[in-house]
1. Taking Y166 as the residue in question, decide whether it is under 24 Å from D278 (Cβ atoms), among the hydroxyl-bearing types (S, T, Y) and either open to solvent by less than 30 Å² (accessible area, probe 1.4 Å) or in a strand (DSSP E or B) (or both).
2. Counting only residues that are open to solvent by 40 Å² or more (accessible area, probe 1.4 Å) and over 30 Å from E254 (Cα atoms), which one in segment 184-193 is farthest from the chain's Cα centre (by Cα)?
3. Looking at segment 280-315, which of the residues that are modelled with pLDDT of 95 or more and in contact with a helix residue (DSSP H, G or I) (Cβ under 7 Å, 6 or more places away or on another chain) is most open to solvent (accessible area, probe 1.4 Å)?
4. Would you point out which residue out of V124, V129 is part of a strand (DSSP E or B) and under 22 Å from F207 (Cα atoms)?
5. Would you point out the residue of segment 22-37, among those that are more than 22 Å from the chain's Cα centre (by Cα) and within 20 Å of G155 (Cα to Cα), that is most open to solvent (accessible area, probe 1.4 Å)?
6. Pick from segment 231-244 the residues that are more than 11 Å from K202 (Cβ to Cβ) and in a loop (DSSP other than H, G, I, E, B): which of them is least open to solvent (accessible area, probe 1.4 Å)?
7. Hey, can you tell me all the residues within segment 65-87 that are assigned to a loop (DSSP other than H, G, I, E, B) and surrounded by 22 or more Cβ atoms within 10 Å (Cβ to Cβ)?
Amino acid sequence: MDTLTDSYVCTLDEASATKAKKELSEDPADRLAAVEHLRQWALQQPHFKCRTDTEFLLRFLRTNKFSQLNARKMLERNTDLRCNVFPDCFQNLDPLDPKVQKVLDMGYCFPLPKRDRMGRRIFVVQAGVFNPRSKEVGQNDIMRANIMVFEHILGDENNIVNGFVYFMDLSQFTTKHLTFWGATMLRKHSSNIFGKFPGRFKEIHYFDAGPVFEAMMAISRPFMPEKFKNRIVIHGKNMEEVYKSIEKHLLPREFLPDDYVGPCAGTIKEITDQLKADLIQDRENLLNSGKDFLYDAKKKPTDVPNESFRKLNID
């Protein structure tokens with residue numbers, strides 16, 4: 001899949017296509033030419049190798065509003081992240097792996113079935129849902145499960161265009177969970193994740209954020225880009241504040257008032273059971289998603305021209 005004539009067919013719905021053109025400078029007439037420009041650059045790099053299919057490269061172009069230079073930077077950083085920073089977390093993305101199944105069953109991280117009014121997918125993260133003293137799952141198991149879920153969601157290009165919202169439930173998060181991750185991993189995560197994953201991360205909501213959260217943020221915040229810091233919304237223990245940003249009908253039953261009788265996303269178990277079924281159906285793609293990536297910094301050329309063009313223009 002290394003030419004303009006690969007099997008890519010655009011699956012953006014009408015609203016997403018309009019948003020892509022307005023907000024991301026995406027022009028259907030030169031979409032494939034822009035992809036081919038990025039592809040040929042990637043194929044010429046001596047120090048890294050990555051996927052070059054159209055669907056994959058479009059993730060980086062759309063995230064970077066079709067800036068070739070910024071897409072190149074993110075593509076290279078993403079490859080380094082996969083190969084050198086978290087190599088164990090991007091390999092063997094198998095939804096049938098028992099460790100992954102345990103993380104999914106916990107409901108640690110899952111996307112809600114419906115998009116919000118702006119077309120964004122919402123991820124729920126229950127940061128304290130697991131027993132940090134248990135040996136059942138480790139750091140890499142949790143991260144691998146989360147990366148697998150995100151990789152699956154990225155398979156729908158409408159999600160790339162509309163972006164993501166994160167709802168972080170910290171109600172069960174304790175000092176033991178903070179110790180489980182450790183300061184080194186928190187710093188490593190914060191300094192390497194932001195700006196290296198394709199995706200438009202629009203809002204991050206923290207619910208029931210207490211002293212432990214403040215300790216965690218003291219470690220992580222210095223490594224966050226300013227734009228991500230500005231997208232953080234900190235809530236107390238009152239879910240009514242959350243409902244102003246994430247409507248009730250989008251949330252699982254467990255996050256709604258006892259007397260609420262309106263529509264909802266179902267129970268967490270119902271959502272995660274469906275997620276597991278979807279991941280298994282997507283198993284072949286997930287297992288292949290970590291292949292074809294190599295990165296050797298020693299082979300990186302030092303005389304790289306500093307191109308400043310924003311996007312490829314077609315006459």
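The values are calculated or read from the model by the stated rules, or taken from the named source; none is laboratory data. Treat the numbers as computed from the prediction; the structure is a model and nothing was measured. Heads up, the Cβs are rebuilt from the backbone with ideal geometry, glycines too, and the neighbour counts pull from every protein chain shown. Heavy atoms of the whole protein, side chains included, go into the accessibility calculation; ligands, DNA and RNA do not. Shrake-Rupley method; radii C 1.70, N 1.55, O 1.52, S 1.80 Å.
1. Working: under 24 Å from D278 (Cβ atoms): yes; among the hydroxyl-bearing types (S, T, Y): yes; either open to solvent by less than 30 Å² (accessible area, probe 1.4 Å) or in a strand (DSSP E or B) (or both): yes.
Spelling it out, Y166 is indeed under 24 Å from D278 (Cβ atoms), among the hydroxyl-bearing types (S, T, Y) and either open to solvent by less than 30 Å² (accessible area, probe 1.4 Å) or in a strand (DSSP E or B) (or both).
2. Residues of segment 184-193 that are open to solvent by 40 Å² or more (accessible area, probe 1.4 Å), as a first pass: 184, 187-189, 191.
Pick out the ones that are also over 30 Å from E254 (Cα atoms) and you get 184, 187-188, 191.
On the way: T184: 21, R187: 18, K188: 16, S191: 15 Å.
Per the stated criteria, the residue is T184.
3. L294
4. Unique residue meeting the criteria: V124.
5. Just the residues of segment 22-37 that are more than 22 Å from the chain's Cα centre (by Cα), to begin with: 22, 27-34, 36-37.
Then keep just the ones that are within 20 Å of G155 (Cα to Cα); that gives 28, 31-32, 34, 36.
Values: P28: 82, R31: 29, L32: 65, A34: 5, E36: 37 Å².
Among them, the one singled out is P28.
6. Going through the qualifying residues, I end up with H235.
7. The answer is F66, and nothing else.
Quick grid of which residues meet (1) free of Cβ contacts under 8 Å to residues at least 12 places away in the same chain; (2) among the aromatic types (F, W, Y); (3) open to solvent by 40 Å² or more (accessible area, probe 1.4 Å); (4) outside any helix (DSSP H, G or I):
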{"position": "K196", "(1), (2), (3), (4)": "no, no, no, yes"}
{"position": "E203", "(1), (2), (3), (4)": "no, no, yes, yes"}
{"position": "V212", "(1), (2), (3), (4)": "no, no, no, no"}
{"position": "I271", "(1), (2), (3), (4)": "no, no, no, no"}
{"position": "D278", "(1), (2), (3), (4)": "no, no, yes, no"}
